[in-house]
Amino acid sequence: MKNFIEEEIDKDLESGRFDHVVTRFPPEPNGFLHIGHAKSILLNYGLAQEYHGQFHMRFDDTNPTKERSEFVDAIQEDIRWLGAKWEKTMYASDYFEQMYEYAVKLIKKGKAYASDLSADQIREYRGTLTEPGKKDPNSDRPVSESLQIFSDMRDGKYKDGEMVIRAKIDMSSPNINMRDPVIYRVAHMAHQRQGDKWCIYPMYDFAHPIEDAIEGVTHSICTLEFEDHRPLYNWVVEECEFENPPRQIEFAKLYLKNVVTGKRYIKKLVEDGIVDGWDDPRLVSIAGLRRRGYTPESIRRFVELAGVSKANSIAEYPMLEYCIREDLKTKVSRIMAVLDPIELVIDNYPDGASEKLTVKNNVENPDLGEREVTFSKHLYIEKSDFMEVPVKKYFRMFPGNEVRLMNAYFVTCTGVDKDENGNIIRIHATYDPATRGGDSPDGRKVKGTIHWVDKESAFKATVRLYQNIIDEEKGVYNEDNSLNLNPDSLIVKEAYIESSVKEATAYQSFQFVRNGFFTVDCKDSKKGEPVFNRIVSLKSSFRLPAEN
C-alpha cells in the first residue's frame with residue numbers, strides 16, 4: 001500500500017506536471033544528524049529509487065554563524081552509512097551569486113525593498129497571530145534606491161543589522177510568514193567554504209526554494225513545521241519565474257520518546273563532559289547509534305515501522321531496540337562472557353589439564369560455523385548464577401544442585417571458600433565426565449544452564465553497559481527546562497571473555513550469552529584490547545502490532 005506522498009507523486013506524473021522525480025536531503029552543517037533525520041534521508045532516497053529518479057545531497061550552508069566543516073564530513077559519513085548514494089555533493093553557497101541576482105530581480109519587479117528597521121522594529125511591525133502587521137515605512141522606497149543599497153550591502157558599506165532586504169508581499173496576511181519576510185541580511189563573518197567573499201547572506205526561506213529550483217528538484221519533501229512556510233516557498237519560485245518549479249510536500253517528523261535530540265542540549269552535554277562527544281553511544285545521533293552498535297538495516301526497519309503520515313506521533317524506544325535485536329539475532333556469533341565474575345573450581349578435573357570443546361557460533365544460523373573453547377579446572381561464572389541459600393524456583397548453582405555448564409559438562413556444587421568477612425570468594429564443584437557436550441547418557445535432566453569462561457585462556461576487557469541518558473520516570477525536561485539525567489546511564493565493568501574475540505575489530509558485534517548484544521567500540525579499542533559497548537539487552541518489552 002502506498003503512502004500519501006507516493007500517491008501525490010503518482011498524480012504529478014499522471015497529470016504531466018513532472019515526467020521524472022528528483023528528491024534531496026538538505027541538512028544545515030551545524031551539528032550531527034539524529035534518528036529523526038534518518039527518516040527524512042531514507043524517505044527521500046527511497047522515493048528517488050522507487051521512481052528511478054535522482055537523489056541530491058545538498059548542504060544548506062547559508063548561515064556561517066554555526067556551520068563547521070567537521071559537521072559536513074560527519075553528515076556525509078552518516079548518510080552513506082545508512083545506504084543512501086548520490087553523484088555529487090552540492091552546497092547552497094555555490095548558488096550565492098544566483099541568489100543575489102534573483103533578489104535583484106525581485107527588487108526590480110517591485111517585489112522586494114531595502115529596509116533600515118531594526119530586528120526589534122521588524123518584529124513589532126509584523127503583528128501577531130491574531131493582529132495584522134503594519135506597513136514598513138521603507139516599503140515604498142524607490143526601486144533604484146533599494147538596488148543601490150543592496151549593492152552597497154554587498155560591498156560591505158553597512159554594519160550587521162543596519163540594513164536588510166525584505167520581500168514585499170502582504171503585511172495583513174493571516175500567515176505571518178508572508179508579512180514581508182527578510183530575505184537578505186548583513187553578516188560580516190567568514191563562510192566555511194566561501195571565505196570572506198560575502199558579507200551578506202540569504203535567509204533560509206528565500207534560499208531554500210531557489211536551491212531546489214536551480215537543481216531541478218521536483219518534490220521538496222520536508223517535515224510538518226514547514227507547512228506554514230509553503231506559501232512563501234511557492235511565492236519565491238513563482239516570482240523568480242522558474243519554469244516548472246518544485247512542489248513542497250510535508251510529512252510528520254519521527255519523534256522518539258524520552259531522548260535528547262536538541263542540538264543545544266547535546267552541545268551542553270558534550271561541553272559539561274557528561275557525554276564524550278556527539279557520537280556518545282547514549283545519544284540517538286546517527287553517529288552515536290552507529291558507535292553503540294546499531295546497524296543500517298535496523299535503522300531502516302525502525303523507520304519502516306514508524307511509517308509515513310501527516311499526523312505527528314511518538315515512537316517508543318523499545319521499538320528501536322526490537323529492530324536491532326531482530327537484525328542481529330541470526331547474524332552474530334553467541335559468545336560466553338562473564339561480566340561479574342567469581343571463580344569456579346572443578347575439584348575432580350585433572351590439575352594442569354585442559355581440553356577444547358566444539359561450540360556452534362549461532363544455533364539459529366548454521367552458516368556461521370563453529371569454534372573451539374577451552375575448558376579446564378579453573379573457570380569463571382557470574383556471581384548471580386550462584387546462591388548459597390537459594391530462593392524458591394532458583395535453578396542455577398547452589399550447594400548440592402547439579403547444573404549444566406553451557407556446551408560443557410554437568411557439574412554439582414560441593415561448597416564455597418569465604419574470606420575473613422564471610423564473603424564468598426570461590427565456588428567448588430565436581431563434574432561428570434560422561435556429560436561432555438552438555439547432555440547425560442543416562443537421560444537425567446537439569447533445570448539450570450549457566451555460561452562460563454576458562455580462567456586461564458579468557459581475557460579481561462572493559463565492558464560498558466548503557467541505559468537511556470534520560471531518567472524515563474521523570475521525563476526529558478525539568479521545570480527549568482534542564483534535562484532529567486539518569487545517573488546510571490553508563491556502568492563500566494571489567495569482564496572475562498572467551499579468547500575467540502580478543503582480536504575483534506571496531507563495529508564487530510556479538511551476542512554475549514544471557515547478557516545482551518555487544519559491539520567493539522570504534523574510539524577506545526586497541527588491537528588485542530577491545531572495549532565492548534552493550535547495544536541492547538536480550539529482553540524486549542516491545543511487540544509488533546497484530547496484522548489485520
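Counted over the chain, the DSSP beta bridges are approximately 70% antiparallel.
Largest first, the extents of the alpha carbon coordinates of the stretch 197-283 on the three principal axes equal 51, 37, 20 Å. Cys199 sits with roughly 20 Å² accessible to a 1.4 Å probe, with DNA, RNA and ligands left out of the calculation.
Neighbours of Ser354 by Cβ distance under 9 Å: Lys/Arg scored +1, Asp/Glu scored -1, total -1. As I understand it, the value is the acute angle between the Cα axis of helix 143-154 and the longest principal axis of the Cα atoms of the chain; what does it come to in degrees, rounded to 10? Around 40 degrees separate the two axes.
Here the mean projected area of the convex hull built on the C-alpha positions of the stretch 450-502 is 5.3 nm².
Look at where the Cα atoms of the stretch 1-33 and of the stretch 45-88 average out, and the two centres are 15 Å apart.
The residue list Thr505, Trp86, Gly288 was ranked by how far each Cα lies along the charge dipole of the chain toward its positive end, using unit charges on Cβ atoms, and Thr505 comes out on top. Each distinct pair of alpha carbons in the stretch 398-548 adds a 1/r term; the inverse of their mean, the Kirkwood radius, is 19.1 Å. Using the Cβ of Met90 as centre and a radius below 12 Å, the other residues enclosed give a net charge of -3, where K and R count +1 and D and E count -1. For the listed residue pairs Lys447/Lys539; Lys267/Lys527; Lys455/Lys539, the alpha carbons are over 22 angstrom apart in Lys267/Lys527; Lys455/Lys539. Of His52, His37, His188, the residue with the largest accessible area leads and the full order is His52, His188, His37 (1.4 Å probe).
Restricting the calculation to Cα atoms, the stretch 346-474 yields a radius of gyration followed by a Dmax of 17.1, 55 Å.
The overall shape of the stretch 83-129, judged from the alpha-carbon gyration tensor, is oblate: a/c is not under 1.5, and a/b is no greater than b/c. For the residue pairs Lys88/Lys111; Lys157/Lys263; Lys85/Lys253, the C-alpha atoms sit more than 27 angstrom apart in Lys88/Lys111; Lys157/Lys263. Among Tyr204, Tyr477, Tyr294, the order of accessible area from largest down is Tyr477, Tyr204, Tyr294, computed with a 1.4 Å probe on protein heavy atoms. Each 5 Å bin from zero holds the following percent of Cα-Cα pairs in the stretch 1-132: 2, 8, 13, 14, 13, 14, 14, 12, 8, 2, 0. Computed from the C-alpha gyration tensor, the three semi-axes of the ellipsoid equivalent to the stretch 169-240 are 24, 17, 11 Å, from longest to shortest.
Under the criterion of Cα pairs below 8 Å and six or more residues apart, the relative contact order for the chain equals 11 percent. Quick one: how many Å² of Trp86 are accessible to a 1.4 Å probe, rounded to 10? Counting only protein heavy atoms, Trp86 exposes about 40 Å² to solvent.
For the stretch 41-94, the solvent-accessible area works out to 44 Å² per residue, with a probe of 1.4 Å and every protein chain left in place. Taking every Cα-Cα distance in the chain and sorting them into 20 Å bins starting at zero, the pair-distance distribution P(r) comes out as 18, 40, 25, 13, 4, 0 percent. Taking Cα centre as origin and charging only the Cβ of basic (Lys, Arg, +1) and acidic (Asp, Glu, -1) residues, the dipole magnitude of the stretch 187-299 rounds to 800 debye.
The values are calculated or read from the model by the stated rules, or taken from the named source; none is laboratory data. Please read all numbers here as calculations on a predicted model, not as lab measurements. Don't worry about glycine lacking a Cβ; one is built from the backbone with ideal geometry, like all the others, and counts go over all protein chains shown. All accessible areas refer to the heavy atoms of the entire protein, side chains included, with ligands and DNA or RNA removed. Shrake-Rupley method; radii C 1.70, N 1.55, O 1.52, S 1.80 Å.
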